[in-house]
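See below for the structure under consideration.
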Amino acid sequence: MSIAARPTRQRRAVLAALAGEEGFRTAQDIHALLRERGEDVGLTTVYRTLQALADADEVDVLRTPDGEAAYRQCSKGHHHHLLCRECGVTVEIEGPAVEAWAAKVATEHGFADVEHMVEIIGTCRDCAARG
């Protein structure tokens, strides 16, 4: 049984921390939140748990502009994200046009069995209004 499937106290704590978040959070963010809540979970355990959850497709992971992994509990199934670079708010989107474009480009270049990840990063309406 993988670490992602084991219902450990630490796994439950990490999942609970992610459940209340709208945006993507780094392992350090999640670790800090757990410490604020009085949870005794080490940073290494948070990293391992998040990686196992990502491997099991229980959380989504993306790379921040500075290359750090960030995690979010998302809906199941293939989707993409709109991510605000200011506040971190995240919107899940389905992208039929993206799917068609990825398949077309792959075919044009002779690629098969293609996967893709698309994250659209910008500034949300609220942050843009604050200027």
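Quick check on region 55-74. Is at least one of its residues acidic (D, E) and part of a helix (DSSP H, G or I)?
First pass over region 55-74, keeping only residues acidic (D, E): 55, 57-58, 60, 66, 68.
Okay, now just the ones that are also part of a helix (DSSP H, G or I), so 55.
Yes, the conditions are met somewhere in region 55-74.
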In region 75-131, how many residues are among the acidic types (D, E) and over 28 Å from T26 (Cα atoms)? 2
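Would you call V98 surrounded by fewer than 17 Cβ atoms within 10 Å (Cβ to Cβ), assigned by TED's automatic domain parsing to the domain that holds M117, under 26 Å from I120 (Cα atoms) and in contact with a His (Cβ under 7 Å, 6 or more places away or on another chain)? Write out each step before concluding.
Working: surrounded by fewer than 17 Cβ atoms within 10 Å (Cβ to Cβ): yes; assigned by TED's automatic domain parsing to the domain that holds M117: yes; under 26 Å from I120 (Cα atoms): yes; in contact with a His (Cβ under 7 Å, 6 or more places away or on another chain): yes.
Yes.
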Test T26 against the criterion of being surrounded by 16 or more Cβ atoms within 10 Å (Cβ to Cβ), hydroxyl-bearing (S, T, Y) and under 19 Å from G122 (Cα atoms), and give yes or no. yes
Which condition does E108 not pass, out of (1) at pLDDT below 90; (2) outside the structural domain of L18 (by TED's automatic domain parsing), if it passes all the others? (1)
Is there any pair linking a residue in region 19-32 that is outside the structural domain of C87 (by TED's automatic domain parsing) to one that is of a type in the set (K, R) and part of a strand (DSSP E or B), with Cβ under 8 Å and at least six apart or on different chains, and which? E21/R72; G23/R72; F24/R72; R25/R72
Answer residue from region 101-126, given it is of a type in the set (A, V, I, L, M, F, W, C) and either part of a strand (DSSP E or B) or touching a strand residue (DSSP E or B) at 6+ places or on another chain (Cβ under 6 Å) (or both) and is surrounded by the most Cβ atoms within 10 Å (Cβ to Cβ) among those: C124
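Name the residue, out of L15, L83, L50, L33, that is part of a strand (DSSP E or B) and either touching a Gly at 6+ places or on another chain (Cβ under 8 Å) or at negative phi (or both). Write out each step before concluding.
Details: L15 fails: part of a strand (DSSP E or B); L50 fails: part of a strand (DSSP E or B); L33 fails: part of a strand (DSSP E or B).
Among L15, L83, L50, L33, only L83 is part of a strand (DSSP E or B) and either touching a Gly at 6+ places or on another chain (Cβ under 8 Å) or at negative phi (or both).
Kindly establish whether V59 is touching a Cys at 6+ places or on another chain (Cβ under 9 Å) and either of a type in the set (A, V, I, L, M, F, W, C) or not assigned by TED's automatic domain parsing to the domain that holds T26 (or both). Give the derivation first.
Details: touching a Cys at 6+ places or on another chain (Cβ under 9 Å): yes; either of a type in the set (A, V, I, L, M, F, W, C) or not assigned by TED's automatic domain parsing to the domain that holds T26 (or both): yes.
It is true that V59 is touching a Cys at 6+ places or on another chain (Cβ under 9 Å) and either of a type in the set (A, V, I, L, M, F, W, C) or not assigned by TED's automatic domain parsing to the domain that holds T26 (or both).
The values are calculated or read from the model by the stated rules, or taken from the named source; none is laboratory data. All values derive from a computational prediction rather than experimental measurement. Note that each Cβ is placed from the backbone with ideal geometry, even for glycine, and that neighbours are counted across all protein chains shown.
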